[in-house]
Amino acid sequence: MAAITRGVILVGHGGIPKGCPQELVTQLKRLEAQRRAAKRPPSVEERELDTKIRQWPRTAETDPYQAGLETVAARLRTQLDGALFAVAYNEFCAPTLEESVEALIKQGATHITVTTTMFTPGGSHSEVEIPEILDQLRPQYPGVDLRYAWPFDLDSVANTLAEQVKRFS
């Protein structure tokens, strides 16, 4: 029996870096809306715009969201008992979930657990998009167990928030 190599991916929303022209984002969102309404795959133009925004140069000053997620990721990584680890973003920032899954598989991961910083129900990224992406990836990687650690236990989320409130009370 083959050894199990665990991997973990932390998915964040992703932010638009300062300096990225708003018209690029507006055009991307327009193309996404048209595609979703027509139930078509992404056009070449949409994919190119998405890549351009995701690859936009970033620093902690121009993209504080990415810097914050990377800090959380570094702290999470130390608690994962040596599992392979990657970060991914739903939009505006690289790498994508697909890219992170592929990277962990190339490193030898056979069991990948995906989690997100988006804790509450009702969000399209956490409830719809991430599961859809994983459903699309599973047939491509039949020897890999892809799991989504979601939904969150809302009592645990509430307890974490209550502890945060106590820190500032």
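What residue among Leu161, Ala103, Cys20 has its Cα farthest toward the positive end of the dipole of the chain, where the charges are +1 on Lys, Arg and -1 on Asp, Glu, each on the Cβ?
Farthest towards the positive end: Cys20.
Nearest 0.05, what FRET efficiency do Arg167 and Thr120 give at R0 = 25 Å with Cβ-Cβ as r?
Details: r = 21 Å, r/R0 = 0.82.
So the FRET efficiency works out to roughly 0.75.
Long-range amide H contacts for Val114: which residues qualify at under 5 Å (H placed 1.01 Å from N, peptide plane, sequence gap of 5 or more or a different chain)?
The answer is Ile9, Arg147, Tyr148, Ala149.
Would you work out the charge dipole size for the chain about its Cα centre, treating the Cβ of every Lys and Arg as +1 and the Cβ of every Asp and Glu as -1, and quote it to the nearest 20 debye? Don't skip to the end; give the middle numbers.
Numbers: 19 positive and 22 negative charges, 23 e Å.
Using Cβ point charges on Lys, Arg, Asp and Glu, the chain gives about 120 debye.
If you rank Val72, Val101 by fewest surrounding Cβ atoms within 10 Å, what's the result?
Values: Val72 13, Val101 26.
Taking fewest neighbouring Cβ atoms as first place, the list is Val72, Val101.
Each reported figure results from applying straightforward, stated rules to the coordinates on display, with no laboratory input. Just so it is clear, the structure is predicted and the values come from calculations on it, not from any experiment. Because the Cβ atoms are built from the backbone with ideal geometry, glycine has one as well, and the counts that use them run over all protein chains shown.
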